[in-house]
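First the structure, in the form of structure tokens, and then the observations on it.
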Amino acid sequence: MYNKKLLKHFTNPKFFGKIKNADAIGRAGNPRCGDIMDIFLKVDKKTQKIKDIKFQTYGCAAAIAASDMICELVKGKKLDEALKVSFKDVSSSLGEMPPLKVHCAQLATEALRTAIKNYQSKKND
Amino acid sequence: MPKDSIIYIIKTMKQKKKIYLDYAATTPVDPRILKVMEPYFVEKYGNPSSIHSFGQEAREAVEKARNQVAEFLNCKVSEIVFTGSATESNNLAIRGLLKALKRRKRAGEKVHIITSQVEHKAVLETCHDLEKDGVKITYLPVGRDGIINLDDLRAEITPETDLVSIMYVNNETGAIQPIKKIGSLIKEINKTKEHPIFFHTDAVQAVNWLNCKVDDLGVDLLTFSGHKIYGPKGIGVLYIRTGIPVSSIITGGEQEWGLRAGTENVANIVGLGAAVEEIKKHKEKMFRKVRLLQEKLEKRVLSIVPKSRVNGPQNFKERAPHISNFAFEGIEGESLVISLDLEGIATSTGSACTSRLLKPSHVLMAMGLPELEAHSSLRVSLGKFTTAREIDIFLKTLPRVVERLRKISGR
């Protein structure tokens with residue numbers, strides 16, 4: 001069902017966990033669809049780069065792998081660059097996801113974008 | 001011994017043996033049954049409709065199997081129809097009955113079917129489809145235990161009601177529906193009803209374990225299939241009580257009393273006959289063996305995995321011995337099934353992530369489980385080849401996997 005690369009990110013995710021005192025958190029998904037993702041961000045104020053990123057995901061193997069992959073893809077990136085990462089980037093980085101599971105990649109990008117938006121709106125307060 | 005063979009033997013010895021705990025999905029073919037089937041591919045390949053000796057040899061085999069099934073259900077040989085699957089049997093039962101009834105009914109007279117919200121898709125989707133054609137369908141609710149309430153059924157029966165279709169054992173939870181009681185209730189109501197209500201049960205998950213004698217149950221139509229009873233895939237049975245109006249939904253030749261056209265799948269029919277023969281021999285013993293494993297499994301899981309529950313009836317008596325449906329808080333079922341599979345253990349889940357519609361199990365939802373809990377289910381189903389050692393390995397693996405996934409979900 002899943003390729004080796006995706007399974008590797010599912011069985012050995014590097015970015016799972018919580019960041020205490022995160023600068024922002026973004027959530028995507030809901031109980032109905034059975035996937036809930038939280039992305040935690042630590043942002044370097046000066047450079048606007050993502051210093052640290054972690055996730056907590058209740059969801060299927062693809063959702064967990066996609067959460068891990070989005071973290072890998074954007075860590076160290078500037079926020080405006082991170083916003084450009086699309087679900088297609090996540091999916092292709094995981095060696096293409098089964099068509100039924102592409103929405104997991106969408107959820108992952110949604111969680112990240114929500115986190116970034118939350119950070120930016122906080123900053124503007 | 002050649003070097004290659006030695007390397008191969010060492011390799012296979014090192015490989016962990018995979019463990020199959022998904023017998024409710026399908027069973028392996030019992031090698032003894034396969035052996036009985038084998039001659040009917042290359043050697044005895046005749047068409048049962050042919051009048052020469054090749055044909056008659058095949059005809060004899062088909063009729064022997066029909067006898068075996070009739071004996072198993074305690075019914076007449078002429079009441080057994082072989083089909084291609086339990087799904088087809090359910091379709092023939094429901095659509096075939098309706099087709100025959102509609103021909104009898106006066107214009108404007110409605111057809112009414114009562115079924116339950118927890119039926120297998122083979123019945124549920126057939127009913128949904130008929131609903132589009134204007135057939136009135138009532139879907140009975142179930143309690144938290146997944147069992148229908150007889151009073152609910154009684155309340156839904158109207159003078160229009162033609163068919164009640166309720167499964168014997170639920171394929172996700174193992175919950176046993178009160179088929180005997182439903183049978184008696186319908187018999188009672190039929191005494192004073194203008195036209196009778198017919199009673200169909202999908203007994204696919206029951207045949208290995210429970211009494212399926214049709215008169216004891218009081219059913220008019222009963223479905224089961226070969227691949228859940230250590231027989232081949234692609235073969236189903238529909239029992240049709242004498243006098244019950246059913247019309248063919250697959251038209252063509254006159255096979256199966258004109259109710260299921262198409263050349264008989266002789267090898268599979270032979271295999272199904274052998275499969276019920278095997279059940280007859282070992283039913284009680286097998287029930288006790290598997291029940292013991294189930295009790296051990298559930299007791300241990302609940303004690304070693306925090307925040308775990310069993311979905312469905314909490315009383316073993318109301319559950320078939322081969323299905324345990326667990327809920328593990330904070331873990332999505334698909335990720336659990338995939339994790340266990342990577343450890344060599346095959347199970348299944350009612351989580352949405354395995355379905356195209358992304359909706360969690362309709363059975364667990366009908367039982368009133370919150371969505372997140374329905375997504376967190378794991379079905380472990382046992383069979384006659386399950387060993388205590390396999391359960392031990394599962395129990396050793398499960399807590400580690402659950403803990404890992406809970407760390408990832410943070411729940």
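Unpaired Cys in chain A, meaning no second Cys C-beta under 4.7 Å: A:Cys33, A:Cys71, A:Cys104.
Electrostatic tally near B:Pro232: other residues with Cβ closer than 15 Å to its Cβ, Lys and Arg +1, Asp and Glu -1, net -2.
Expressed as a whole percent, the proportion of Cα-Cα pairs in the range B:294-359 lying more than 14 Å apart is 65%.
Going by average Cβ neighbours within 10 Å, how do the peptides B:331-342, B:126-137, A:70-81 rank, with the highest at the top?
The packing order, highest mean first, is B:331-342, A:70-81, B:126-137.
Sum up the charges of everything whose Cβ sits under 10 Å from the Cβ of B:Lys307, counting Lys and Arg as +1 and Asp and Glu as -1, but leave B:Lys307 out.
Every neighbour counted, the sum reads +2.
Peptides A:8-19, B:17-28 ordered by packing proxy, namely the average of other Cβ atoms within 10 Å per residue, highest first: B:17-28, A:8-19. Pairwise Cα separations in chain B fall into 10 Å bins from 0 onward with the following percentages, short to long: 5, 21, 29, 25, 15, 5, 1, 0. Does the protein assembly as shown classify as rounded, prolate or oblate by the C-alpha gyration tensor (a ≥ b ≥ c root eigenvalues; a/c under 1.5 gives rounded; else a/b over b/c gives prolate, otherwise oblate)? Note, shape of the protein assembly as shown comes out prolate.
Sorted from greatest to least, the principal axis extents spanned by the alpha carbons of the range B:306-411 come out as 34, 34, 27 Å. With a cut-off of 15 Å between beta carbons, the residues surrounding B:Ile186 carry a summed charge of -3, where Lys and Arg count +1 and Asp and Glu -1.
Work out the mean other chain Cβ neighbour count within 10 Å for the residues of A:53-65 and drop it here as an integer.
Working: counts 0, 1, 3, 5, 7, 13, 10, 13, 11, 4, 6, 8, 1.
Mean inter-chain Cβ contacts per residue within 10 Å come to 6.
Please list the helices of chain A that count as membrane-span-like by this rule: a mean Kyte-Doolittle hydropathy of at least 0.5 together with Cα atoms stretching 15 Å or more along the helix axis, each helix being a complete DSSP H run. Helices passing the filter in chain A: A:61-74. Hydrodynamic analysis of chain A uses the Kirkwood radius over alpha carbon pairs. Inserted into Stokes-Einstein at 4 °C and 1.567 mPa s, it gives a translational diffusion coefficient of 92 µm²/s.
Shielding of peptide B:335-347 by partners, expressed as the average count of other chain Cβ atoms within 10 Å per residue Cβ, is 3. Each peptide in B:398-405, B:45-52 gets a packing score, the mean of other Cβ atoms within 10 Å over its residues, and the list from highest to lowest is B:398-405, B:45-52.
Read-outs throughout are calculated quantities, based only on the coordinates presented, and are distinct from any laboratory measurement. What you are looking at is a predicted structure, and each value in this text was computed from that prediction instead of being measured. Every residue, glycine as well, gets a Cβ built from its backbone with ideal geometry; the counts of neighbours run over all protein chains shown.
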